[in-house]
């Protein structure tokens, strides 16, 4: 019973977060898309029609739920590192373009909701895709630099441990500061690798929106799978530990 309560507490905390609700909606949307694009559901069936309507409705709901989210990126840019540094420039690219993406998404939502002319949807969608893609470029670059940094620090720690005659590395011993740092580095690297996979999947979707002509990316099932992968990773990252 205690474990069930613990899971319930985590679920409550998950859905209290804006990102938690967004990722749950994203899972629903791309699961529906995957079912439709892989013909698991007969295209002409009543269920397929309902799934298509549900997928479209969830897509609009996600845009509405992001109202004002661009302000978080604006604040991140303001509080970020100096632009004279490499990390500062990449931080500006990641958060600046992501903020522009979320701001543009609000315009698309207003157009789809009928408040502004729907003819604005197409150009706004194109702008949204480009800003999203460049935002992922900055985010992935920062993650790769962080991963590289953890490898360098890990090598230093292992050399120090060997110099002291340690035969076990990463055994989780709480009495050894270096071993604790080593475990933390590996956990951090895993999260960064997961973040790269998520950003790469989302970048694939953005790249598809950017391209006007058909290409190998125009594979509906592949794109739906990429969206679902990103959603699942995002939900995993948002789930309380």
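With respect to the chain, whose longest principal axis is taken over its alpha-carbon atoms, helix 70-79 is tilted by about 30°.
Computed from Cα positions, the angle between helix 46-65 and the longest principal axis of the chain comes to roughly 60 degrees. Taking a ≥ b ≥ c as the square roots of the eigenvalues of the Cα gyration tensor, an a/c ratio of 1.5 or more together with a/b larger than b/c marks the chain as prolate. Relative to the longest principal axis of the Cα atoms of the chain, the long axis of helix 121-163 lies at roughly 10 degrees.
Taken as Cα centroids, the stretch 102-168 and the stretch 60-91 sit 11 Å apart, rounded to the nearest whole angstrom.
Values quoted throughout were computed directly from the atomic coordinates according to the rules given, and no laboratory measurement underlies them. All of these numbers come straight from a predicted model, not from anything done at the bench.
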